[in-house]
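Values quoted throughout were computed directly from the atomic coordinates according to the rules given, and no laboratory measurement underlies them. Keep in mind it's a predicted model, so treat the numbers as computed, not measured. Counting neighbours? That spans all protein chains shown, and the Cβs are built from the backbone with ideal geometry, glycine included.
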């Protein structure tokens, strides 16, 4: 079963599938075209919107597919509203990515220069002094993320559904922003060494920073649109938390071990920032930490030194312990799906989502082994 099974005219095979010409993409293009038109004669503003559009149109679209598939599998009859909410989730995702890259000082996204890096290059090509060009690029990224976030709220506000459903959707979006911002703040705090997190605190960041907006909110939105009972909405929220935590744990492994040429994002930034992910927290309690502690968190960490850190980490028990955590979270998903609350109509879809996470883990494992 694919992520879009049961929805006529759409095809997909899990989290990694891209379907660029579906209804969600068409709606996003219309929103972005309208914004560029409204930018009028302000060429630089239109350029910023074009870069937001480039950021929105990339990616796997799996958050949108979760909204659509959940709505459909639960017998929903609000297909147009589901498409609009799915587009809002993608716009929200774009806003978070732009701001996340800014916070992490990353310059690459999906294998290409990200929005800030592109605006920096445009300013430098125009002859702007480097320091001013960098300040300009940072301002562009802040504003672009804000604009994308505003568009997410606007899309949800446009949904034509009964008032109680509309209120729940708006509340869900506000909750998602609130929780995700808290997770990002804590992640930055830990990475900068302002607080030494426990494993529980690090996992809580994964819940807030990733699980909420990537799995919990899309699942809940689809269920709300389908008029699912409250008990099922709550159960899907729990399933989404386990899926999101597993997803983030795999992402932590990828951030260290998967080459940039494969992942499309930096394989140096997590080590340079010294992010206290569960992977590194495991390492801190192992003999390997004495070998790598001096390099983790070095802003100037060279690729050769990073390779040495990866090799040491790969030979330690830290990746294996992280792998076990992923499998534990996936097992929790399977247990919930097999329980009395989740209907059979959506169970295979949720099981496939868990399978997609495990497939990503297996792919990452090959890079861990290669690093040894």
For segment 23-371, using Cα atoms only, the Rg and Dmax in Å read 20.7, 64
Most exposed first, judged by fewest Cβ atoms within 10 angstrom, 184, 90, 273 run 184, 273, 90
Summing -39500 (n - 2.57) over every DSSP H run of at least 4 in the chain, dividing by its residue total and rounding to the nearest 500, the 222 nm mean residue ellipticity is -23000 deg cm²/dmol
Pseudo-spin-label distance residue 46 to residue 199, built 7 Å along Cα→Cβ, given in nm, is 5.6
Ranked from fewest to most other Cβ atoms within 10 Å of their own Cβ, 227, 300 fall in the order 300, 227
Quick calc: nm separation of the 7 Å Cα→Cβ label points for residue 341 and residue 146 -> 3.9
Segment 23-371: relative contact order from alpha carbon pairs under 8 Å, six or more residues apart, as a whole percent, is 17
When 44, 52 are arranged by how many other beta-carbons sit within 10 Å of their Cβ, fewest first, they go 44, 52
